[in-house]
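Have a look at the structure below before the remarks.
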Amino acid sequence: MSIKIRKLDSSADGFRKALHAVLAFEASEDDAIERSVAQILADVKTRGDAAVLDYTNRFDRLEAKSVAALELPMMELEAALESLEPKRRAALEAAAARVRGYHEKQKIECGSHSWQYTEADGTVLGQKVTPLDRAGIYVPGGKAAYPSSVLMNAIPARVAGVREIVMVVPTPDGVKNPLVLAAALLGGVDRVFTIGGAQAVGALAYGTDTVPQVDKICGPGNAYVASAKRRVFGIVGIDMIAGPSEILVLCDGTTDPRWVAMDLFSQAEHDELAQSILLCPDAGFIARVEDAINELIESMPRRDVIRASLEGRGALVKVRDMAEACAIANDIAPEHLEISALEPHQWAHEIRHAGAMFLGRYTSESLGDYCAGPNHVLPTSRTARFSSPLGVYDFFKRSSVIEVSADGAQTLGEIAAELAYGEGLPAHARSAEYRMRNGG
């Protein structure tokens, strides 16, 4: 059965409306989930370990006697790494090395160092940059096991200089994924607790007798985890609330259509709400991609998920030219943007909004997911218009440094006092005037 994927034409009347109908996605807030999460968080805040233990035993079907019993010893992580088949271990270690190398370079380039300058009157101004004390990494458990996400969340925190990284991962029925535990070791995680769900987010946010409070929580999770992260933001920092995965392929028609079809599949297989869109000026090539989609779909183990995704939120879009494709891409602001063209850099200069750009026909998005080096935690749902991939900079905070000299207090005091009186805040003004030679 062929896939009924939308086909749009940018020159047709009503194209913009049709495109935005494809893009439209609002995370539904299930009232039952919201009520449940609010109750769990309140309980964890009040009862601490006891609540975390109760929910963990209930939801993950465990019989743990204490939260302390749910913390894994480092030797278990080491054993997990040793248990891996050699080829898979080598792949995990290579990915970790590449992700670490990229983020070490990012640390040098992203303004991670403190700085200051001295004005003529001796006043010193600057900025002190310091890493967070403690970061929390949430890792999905059960059917979803993502060692790559462990690396992408833990390594930038470690490179940034975070003092302690605490990982939480649910283990339904006590089943632990050795690849995830091995990734935690390679990523530099300090402590691992086998807890999950809203109760794990609450434990990290509020702290318990056993689980330390963190400064920021990162990592993907289900609807309960997303709701909990949203609710604890402000008590702790969070990375982002991510929506379904997205890929937008800009292609000039020179790439193998089977490659493009498989790239669309690579996001569609995540879940039924994932989005895969192709923009191309060549109608004949679009037809060949559609043929490739229908040829390859039956060989995909997750074909039912791919079919639902492509039919529900996918599109093949005929555009006038690659310049228009770039303009439309900026409107979409995708999580992943592939520019599969003979001259990808020419078109990359036109892109302003994308979580990550993959340039050239050999650069599949999947390489970025696992081992290229840049972070795969990316903004979704058009938030690439104003936000960035997770990085070393997410684990720093900046403090302004101001050291005013006696001479500087005269000049700045006059300015500050005048503005403070203008705002009706006389104590502010007098505070500045007291430092002036002729002040109170």
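None of the figures in this text is laboratory data; all of them are computed from the coordinates on show. If you're wondering where the values come from, they're calculated on a predicted model, not measured in any experiment. Positions of Cβ are generated from backbone atoms using ideal geometry, with glycine treated the same way; all protein chains shown enter the neighbour counts.
Treating the chain as a set of equal point scatterers at the Cα positions, no solvent, please give the Debye-formula log₁₀ I(q)/I(0) at q = 0.10, 0.12 Å⁻¹.
Listed by q, the Debye log ratios stand at -0.82, -1.05.
Could you check which residue among Phe396, Phe265, Phe25 shows the biggest mean-square fluctuation in a GNM of the chain with a 10 Å Cα cutoff?
Phe25
Arg398 versus His349, label points 7 Å from Cα toward the beta carbon: distance in nm?
2.9 nm
For Ala406 and Asp209, compute 0.36 nm times the residue count separating them, minus their Cα-Cα distance, and round to one decimal in nm.
This chain segment gains 66.1 nm when fully extended.
Tell me the label-point distance for the pair Val175, His20, using the 7 Å Cα-to-Cβ offset, in nm and rounded to one decimal.
Using points 7 Å along Cα→Cβ, the separation is 4.5 nm.
Report the Stokes-Einstein translational diffusion coefficient (µm² s⁻¹, integer) for the range 48-128, Rh taken as the Kirkwood radius over Cα pairs, at 20 °C with viscosity 1.002 mPa s. Present the calculation step by step, with values, prior to reporting the outcome.
Working: Rh = 18.1 Å.
So the translational diffusion coefficient is about 118 µm²/s.
Cross-link candidates for Lys87: which lysines have Cα within less than 29 Å, leaving aside residues fewer than 8 places away along the same chain?
Cα-Cα hits under 29 Å: Lys105, Lys143, Lys176.
Counting pairwise Cα distances across the range 247-396, what percent come out greater than 26 angstrom? Please report the intermediate quantities before stating the final value.
Numbers: 2184 of 11175 pairs.
Cα-Cα pairs of the range 247-396 separated by over 26 Å account for 20 percent.
Give a residue-ordered list of calculated ³J(HN,Hα) values for the range 402-416 (Karplus: 6.51 cos²θ - 1.76 cosθ + 1.60, θ = phi - 60°; whole Hz; x for Gly, Pro).
9, 10, 8, 6, 4, 5, x, 5, 6, 5, 5, x, 5, 5, 5
What does the convex hull of the alpha-carbon atoms of the range 23-170 project to on average, in nm²? Mind showing how you got there, number by number?
Details: hull surface 63.1 nm².
For the range 23-170, averaging the hull's shadow over all directions gives 15.8 nm².
Report, in degrees rounded to the nearest 10, the 0 to 90 angle that the Cα long axis of helix 197-206 makes with the longest principal axis of the chain.
20 degrees
Residue by residue through the range 313-322, which ³J(HN,Hα) values in whole Hz follow from phi under the Karplus form 6.51 cos²θ - 1.76 cosθ + 1.60 (θ = phi - 60°), with glycine and proline marked x?
Per residue, the Karplus-derived 3J(HN,Hα) values read 9, x, 6, 10, 10, 7, 10, 5, 6, 5 Hz.
Determine, from the Cβ-Cβ distance of Glu34 and Asn438 and an R0 of 56 Å, the FRET efficiency 1/(1 + (r/R0)^6), rounded to the nearest 0.05.
0.40
Could you name the lysines in cross-link range of Lys7, using Cα to Cα under 16 Å and dropping any fewer than eight places away on the same chain?
Within the straight-line cut-off, Lys7 pairs with Lys17, Lys318.
Using the beta-carbon distance between Met300 and Leu125 and R0 = 51 Å, what value does 1/(1 + (r/R0)^6) give for FRET efficiency, to the nearest 0.05?
Step by step, r from the Cβ atoms, then E = 0.30.
Could you tell me the extents of the range 123-183's C-alpha atoms along the three principal axes, largest first, rounded to whole Å?
Between the extreme Cα coordinates on each principal axis of the range 123-183 lie 62, 17, 15 Å.
For a Förster distance of 56 Å, can you work out the FRET efficiency between the beta-carbons of Ser66 and Ala287, rounded to the nearest 0.05? Before the final figure, lay out each step's value.
Working: r = 62 Å, r/R0 = 1.11.
Calculated value: 0.35.
Would you list, by chain and number, the lysines whose Cα falls below 17 Å from the Cα of Lys128, excluding same-chain residues fewer than 8 positions away?
Counting by Cα, and skipping residues close in sequence, Lys128 has these lysines nearby: Lys107, Lys397.
Can you grab the distance from the C-alpha centre of the range 388-414 to the C-alpha centre of the range 42-109, Å, no decimals?
Going from one Cα centre to the other spans 36 Å.
Nothing charged except the Cβ atoms of Lys and Arg (+1) and of Asp and Glu (-1): what's the magnitude of the dipole of the range 222-371 about its Cα centre? Round to the nearest 20 debye.
520 debye
Taking the DSSP beta bridges in the chain as the whole, what percent of them are antiparallel, to the nearest 5? Each step should come with its number before you reach the end.
Values: 14 of 50 bridges.
That works out to approximately 30 percent antiparallel.
Peptides 287-293, 402-408, 155-161: what's the order by average Cβ count within 10 Å, highest mean first?
Those peptides, ordered most packed to least, come out 155-161, 287-293, 402-408.
For Glu109 and Lys87, compute 0.36 nm times the residue count separating them, minus their Cα-Cα distance, and round to one decimal in nm.
4.6 nm
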